[in-house]
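Read through the structure below, which is laid out as structure tokens, and then see the notes.
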Amino acid sequence: MASPDPRLFVTLVLDGVGIGEQPDAGRYGDVGSHTLGHVCATAHPKLPHLAALGLGCIAPLDGVPAHPAPGAQYGRLTEVSAGKDSTTGHWELAGIRLDKPFPTFPDGFPDTLIHAFIERTGCPGVLGNRADSGTAIIDALGAEHQETSWPIVYTSADSVFQVAAHVDTIPLETLYRYCQIARDALCVGPYGVGRVIARPFEGQAGNWRRISAARKDYARLPESKPLQAALSEAGVATVSVGKVADLFGHVGFEEGHKTRSNDEGIAETLRQMRRRGVSARPAFIWVNLVDFDQEYGHRNDPHGFARALEAFDRSLPEILAALPPGGRLVITADHGNDPTTPGTDHSREYVPLLYVDGRPGADLGTRATFADHAATVAAYFGVDFPVKATPFGER
């Protein structure tokens, strides 16, 4: 029996937790955005463990002092890909740069696409076809949807084609079939959105409830090999927690563990870390904690955002204790989502970088690309992964 291989690299993506506008924020309408800065100034979360790692050393944050001897390497990552959504951010973290953004449809989808969707799926028609909040559009159209059996099609500021349906009106398998058809045959070429998303819901008028556990994402597949595929080919176990695998169409991930909340994501992360401690294979665990973005950023709720940060902060001692000697931990984000600014869109921001590698904390500076993460993970496992990026610890 092979001896356990203790090498473990864990990446925690705090979805939407940006740390200040990038120089190109004006191109995205995001001048003045600073997710962490504004949440800290507005809601004053207590984040002692993040502060001890060095979060307050990255940028001035109310109530988060710059620690004199931080426990992590610290800095910030710059996004160079065109876009500011989760798919773009995670792809760049995996070493894939997008020079052209995924298409968005702020005025709804063109008639040609909607007519093709109706024809290919055989559904009687669609409701909505506009950019809207998922909860708002279900509140507005849920009753009509049940009366007509027409699915609700909508988008957002992100590059997404979303289909919502009540499980008693359109069965889950039918909803999934609709979305698979959209992904394979319709959302291609100029309509090639980053994700097609099935959004099932339940309940009655006035009390609709989205079923997060049954949500299903159909991602546009990456055009080149992502980090996790190179790791898997080299014998490293690759594990997704949360929506990470969905963002890559599951390319390169041997395991995917869906979660409905930050609490579930943290619990599953700890379970996977402890499981890997007795594994004969090295492992890379990539985690997305979605509540910051989904529950609070998009809903302009800085106080809820702050509570989620505090809950994550409380989990850090247990996460750090589960990291084996020689293991690595990265805490970062995929984009910003400032809940204090007008609108509910993501924001073009730097993202924080905290890198636990057993060395005393030092300033890693402003990194030139999110892809430095991919270079760092590949170097840790000794895997050849050509990427124009620099591992953390090098400048």
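The values are calculated or read from the model by the stated rules, or taken from the named source; none is laboratory data. Here the structure is a predicted model, which is why all the values come from computation and not from measurement. We place every Cβ from the backbone using ideal geometry, glycine too, and count neighbours over all the protein chains shown. For accessibility, only protein heavy atoms count, side chains too; no ligands or nucleic acids. Shrake-Rupley method; radii C 1.70, N 1.55, O 1.52, S 1.80 Å.
Segment residue 321..residue 177, full-extension length gain: 47.5 nm, with 0.36 nm per residue of separation and the alpha-carbon distance subtracted. Once backbone amide H atoms are built at 1.01 Å from N, residue 369 has 78 as its partners under 5 Å, excluding neighbours fewer than 5 places away on the same chain. Which shape class applies to the stretch 170-271: rounded if a/c is under 1.5, otherwise prolate when a/b exceeds b/c and oblate if not, where a ≥ b ≥ c are the square roots of the Cα gyration tensor eigenvalues? Here the stretch 170-271 falls in the oblate category. Roughly what angle does helix 111-121 make with the longest principal axis of the chain, taking Cα atoms, 0 to 90 degrees, to the nearest 10? The angle comes out at about 90 degrees. Residue ranges 104-110, 20-26, 88-94 sort as 88-94, 20-26, 104-110 when ordered by packing (mean number of other C-beta atoms within 10 Å per residue, highest first). Taking a ≥ b ≥ c as the square roots of the eigenvalues of the Cα gyration tensor, an a/c ratio of 1.5 or more together with a/b larger than b/c marks the stretch 58-194 as prolate.
A 1.4 Å probe over all protein chains sorts 307, 209 by accessible area into 307, 209, starting with the largest. Only helices enter the 222 nm calculation for the chain: every DSSP H run of n ≥ 4 contributes -39,500 (n - 2.57), and dividing by all residues gives -9000 deg cm²/dmol, rounded to 500. Among 100, 84, the sequence by solvent-accessible area, most first, with a 1.4 Å probe is 100, 84. When the Gaussian network model of the chain links Cα atoms closer than 10 Å, the mean-square fluctuations of 321, 374, 43 top out at 321.
Ignoring ligands, DNA and RNA, what percent of the accessible area of the chain is carbon or sulfur (1.4 Å)? Ligands and nucleic acids excluded, carbon and sulfur give 51 percent. Phi angles of the stretch 243-254 translate, via the Karplus equation with coefficients 6.51, -1.76, 1.60 and θ = phi - 60°, into HN-Hα couplings of 8, 4, 4, 4, 6, 10, x, 6, 4, x, 9, 7 Hz per residue; Gly and Pro are given as x. Between residue 212 and residue 167, residue separation times 0.36 nm minus the direct Cα-Cα distance comes to 14.9 nm. Database remark: amide H of residue 349 closer than 5 angstrom to the amide H of 22, 336 (H placed geometrically; neighbours at sequence offset of 5 or more, or on other chains; Pro and chain starts carry no H).
Listed values for the stretch 130-135 are Karplus-derived 3J(HN,Hα) couplings in whole Hz (6.51 cos²θ - 1.76 cosθ + 1.60, θ = phi - 60°), namely 8, 7, 6, 5, x, 5, and x replaces Gly and Pro.
Ranking of 167, 351 by solvent-accessible surface, largest first: 167, 351 (1.4 Å probe, protein heavy atoms only, all chains present). The charge dipole of the stretch 251-395, taken about its Cα centre with unit charges on the Cβ of Lys, Arg, Asp and Glu (plus for the first two, minus for the last two), comes to roughly 500 debye. Summed over the residues of the chain and divided among them, the accessible surface reaches 39 Å² per residue at a probe radius of 1.4 Å. Using a cutoff of 8 angstrom between alpha carbon atoms and counting only pairs six or more residues apart, the relative contact order for the chain works out to 31 percent.
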